[in-house]
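Only one structure is covered here, and it is reproduced in the block below.
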Amino acid sequence: MAYSEKVIDHYNNPRNMGSFKKDEDGVGTGIVGAPECGDVMKLQIKVENETIVDAKFKTFGCGSAIASSSLATEWLKGKTVDEAGQIKNTEIVQELNLPPVKIHCSVLAEDAIKAALNDYKKKADTEDVPEEAATPA
Amino acid sequence: MKLPIYMDNHSTTPCDPRVVDAMLPYFTEKFGNSASRNHSFGWEAEEGVDQARKHIASLINADAKEIVFTSGATESDNLALKGVVEMYKEKGDHVITSSTEHRAVIDAAKSLEKKGVKVTYLPVDKDGRVDPDDVRKAITDKTILISIMLANNEIGTIHPIAEIGKIAKEKGVLFHCDATQGVGKIPVDVQELGVDLMAFTAHKIYGPKGIGALYVRRKAPRVRLAPMIDGGGHERGMRSGTLPVPLVVGFGKAIELCAKEMPEESVRTMALRDRLQDGIMGALEEVYLNGHETDRLPGNLNVSFAYVEGEALLMGVKEIALSSGSACTSATLEPSYVLRALGVGSDLAHSSIRFGVGRFTTPEEVEYTIDRMIKAVNHLREMSPLYEMAKEGIDLKTVQWAVH
């Protein structure tokens with residue numbers, strides 16, 4: 001399958017690849033997917049004053065999965081926690097020109113963002129976490 | 001060394017230039033229909049076909065009359081299964097095959113099942129081999145056909161065909177063998193193997209695409225087949241249609257070259273394959289061989305690289321043509337059914353890569369591939385959360401994954 005240039009670029013030059021310590025203050029970690037399914041994404045955010053100041057990812061998966069998570073970290077930086085929750089998988093599909101068979105990679109990235117935000121909120125002990133966001137995908 | 005490198009010789013092979021040279025006159029000067037009996041154009045074409053048929057029969061120790069030309073191994077497999085089942089339906093309605101056969105056999109069997117035929121799909125052991133005892137146990141008085149491949153197209157494992165052939169003969173059941181990956185690469189003798197039908201094709205052995213053959217035994221027993229294509233009664237009535245003479249001639253030439261060069265070629269390709277295997281597995285941890293350690297096609301190497309996904313790996317070495325058992329390379333999103341049948345976990349099936357060393361593979365290409373694979377695997381492992389977790393001492397099997 002032919003990849004878009006943007007996917008290839010993220011694959012060759014992954015943005016923000018790496019890890020934060022999970023127990024660090026202000027860090028939210030989301031791990032989604034399963035090895036049996038061929039993709040696992042770990043996405044982490046570092047939040048200061050409700051703004052995401054840094055983000056990191058590690059991904060086991062195809063080129064599109066790697067690119068989706070790499071792109072997600074780029075988009076997360078500078079966003080408030082609320083804004084980050086608005087990122088939609090369809091935007092990732094559009095930005096990376098993902099073919100239909102790879103849409104699940106973008107869904108996984110959206111799930112990873114939600115899971116990281118959720119983990120952060122839980123740690124921050126925010127009381128108004130909506131019930132639905134409390135379950136990692 | 002030229003890029004890209006072709007290392008996917010199980011998929012197809014380039015035509016040997018000597019094959020192309022042999023074919024060329026049959027497009028223009030010797031263009032006749034080999035079935036034309038009344039003029040020299042037909043005779044000339046027929047002579048080309050006859051010679052090819054002889055070379056092909058001779059390589060597998062068959063008689064020239066036992067070779068039926070088809071469009072390729074897929075058609076040969078279909079003709080063997082469907083043709084036998086149709087012809088012998090009074091005798092029984094049970095077919096035995098294995099779970100790691102090529103789709104040409106599995107899907108033909110599935111199609112027969114829809115028509116009421118009973119099919120047994122035998123399991124394989126961890127190296128990918130069918131146990132002949134399982135074949136024996138599966139035979140009933142309704143069994144009319146056994147179909148087991150010679151060598152697997154993904155993992156290269158060679159099945160104990162001669163042993164199965166003996167059982168088939170003893171029980172009086174016809175035995176078909178899909179030998180697509182074996183003919184021309186390892187010695188194949190239909191008498192020794194005890195097969196009654198055998199499918200193979202030209203494009204896997206440096207011949208042209210679009211031409212294959214089905215060996216159909218004429219004596220002890222005389223196998224009869226219901227044709228799938230009706231028409232002028234070509235190929236002893238088993239496969240009508242004007243023969244593609246240039247392709248037939250190319251097929252014959254390809255076989256002739258294999259016959260002549262196999263002893264030297266199989267040693268050379270195996271040495272290159274072994275170097276590839278040692279180079280990769282010696283430099284990287286947690287690389288697992290899929291298939292049989294020794295009973296394997298000389299050019300085959302199939303390995304799983306733990307913690308990295310196969311398609312991502314292919315993307316990292318895109319100047320090298322390889323194949324992966326990862327789901328992402330297929331439309332179904334399911335990882336290789338062959339690897340799953342060996343008991344390889346889905347995670348490692350997703351991480352598998354198939355290398356196919358061939359006639360034109362050079363030592364330089366092998367060294368380059370080793371180097372690039374090591375770099376790409378390390379790059380992806382650094383990016384892999386699974387590798388990180390494993391390094392932290394977490395047992396990935398105990399993690400509660402959210403299976404999607």
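Leaving ligands and nucleic acids out of the surface, order B:Cys258, B:Cys15 by accessible area at 1.4 Å, largest first.
Correct descending sequence by accessible area is B:Cys15, B:Cys258.
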Relative pair counts by distance (%), Cα atoms of region A:52-107, 10 Å bins: 25, 54, 21, 1
Per-residue SASA entry for A:Thr51, accessible area with 1.4 Å probe, Å² rounded to 10: 40
Cα gyration tensor, chain B - rounded (a/c under 1.5), prolate or oblate: oblate
Spatially proximal lysines relative to B:Lys260 (Cα-Cα < 18 Å; intrachain offsets below 8 disregarded): B:Lys54, B:Lys185, B:Lys204
Selected from A:Lys114, A:Lys42, A:Lys77 as most flexible by GNM, with chain A as the system and alpha-carbon contacts under 10 Å: A:Lys77
Global geometry of region B:1-62, whether rounded, prolate or oblate, following the gyration tensor of its Cα atoms and the 1.5 cut on a/c: oblate
Shielding of A:73-81 by partner chains, average beta-carbon count, 10 Å: 0
Positive-end residue of B:Met281, B:Met1, B:Leu297, charge dipole of chain B with Cβ unit charges: B:Leu297
Within the accessible area of region B:288-368 (1.4 Å probe), percent carbon and sulfur: 54
Solvent-accessible heavy-atom area per residue, rounded to whole Å², over chain B at 1.4 Å: 41
Cα-projected label distance for B:Ser36 with B:Asn378, points at 7 Å along beta-carbon direction, nm: 6.4
Residue with peak Gaussian network fluctuation, chain B [Cα springs, cutoff 10 Å], from B:Ile56, B:Ile158, B:Ile106: B:Ile106
A:Gln86-B:Trp43 pseudo-label distance in nm [points 7 Å out on the Cα-to-Cβ vector]: 8.6
Peptides ranked, highest mean first, by Cβ atoms within 10 Å: ranges B:362-374, B:114-126: B:362-374, B:114-126
Rounded FRET efficiency, nearest 0.05, which uses the C-beta distance separating B:Arg224 from B:Lys171 and R0 of 22 Å: 0.75
Hits among aspartates and glutamates - C-alpha to C-alpha of B:Lys166 under 12 Å, sequence gap 8 or more where chains match: B:Asp133, B:Glu192, B:Asp196
Relative contact order computed over region A:5-123 (Cα-Cα under 8 Å; 6+ residues apart), in percent: 31
Centroid-to-centroid separation of region B:139-156 and region B:342-391 [C-alpha atoms, Å]: 31
Using a Förster distance of 30 Å, the FRET efficiency for A:Lys6-B:Glu392 (Cβ separation, nearest 0.05): 0.40
Chain B: relative contact order in percent, alpha carbon pairs under 8 Å with at least 6 residues between: 21
Residues in region B:372-388 that, when all protein chains are in place, have 40 Å² or more less accessible area than the chain alone would give (probe 1.4 Å): B:His379, B:Glu382, B:Met383, B:Pro385, B:Leu386, B:Glu388
Only Lys, Arg (+1) and Asp, Glu (-1) charged, at Cβ; chain B dipole about Cα centre in debye: 1340
Within a Gaussian network of chain A (alpha carbon springs, distance under 10 Å), most fluctuating of A:Ser70, A:Ser19, A:Ser106: A:Ser19
Magnitude of the charge dipole, the protein assembly as shown, Cβ model with Lys/Arg +1 and Asp/Glu -1, debye to 20: 2040
Accessible-area ranking of B:Trp401, A:Trp75, B:Trp43, largest first, probe 1.4 Å: B:Trp43, A:Trp75, B:Trp401
Cut-off 20 Å (backbone N to label point 7 Å along Cα→Cβ of B:Lys260), residues of region B:196-210: B:202-208
Solvent-accessible ranking of B:Phe41, B:Phe27, largest area first, probe 1.4 Å: B:Phe27, B:Phe41
Subset of A:Lys21/B:Lys397; A:Lys102/B:Lys115; A:Lys88/A:Lys121; A:Lys88/A:Lys122 violating a 25 Å alpha-carbon distance limit: A:Lys102/B:Lys115
Separation of the B:Ala162 and B:Ala321 label points, Cα + 7 Å toward Cβ, nm: 3.5
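Rounded to the nearest 500 deg cm²/dmol, what is the calculated helix-only ellipticity per residue at 222 nm for chain B, with -39500 (n - 2.57) per DSSP H run of length n ≥ 4?
Value at 222 nm, helices only: -12500 deg cm²/dmol.
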Dimensions in Å of region A:9-137 - Rg and Dmax from alpha carbons: 13.5, 41
Heavy atoms of A:Lys121: accessible area, 1.4 Å probe, square angstrom to 10: 50
Disulfide-incompatible cysteines by the Cβ rule (no partner under 4.7 Å) in chain A: A:Cys37, A:Cys105
Full-stretch length increase - B:Trp401, B:Lys126 - with 0.36 nm per residue and alpha-carbon distance subtracted: 96.4 nm
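The values are calculated or read from the model by the stated rules, or taken from the named source; none is laboratory data. These numbers were taken from a predicted model, which means no experiment stands behind them. Glycine also receives a Cβ, built like all others from the backbone with ideal geometry; neighbour counts cover every protein chain displayed. For accessibility, only protein heavy atoms count, side chains too; no ligands or nucleic acids. Shrake-Rupley method; radii C 1.70, N 1.55, O 1.52, S 1.80 Å.
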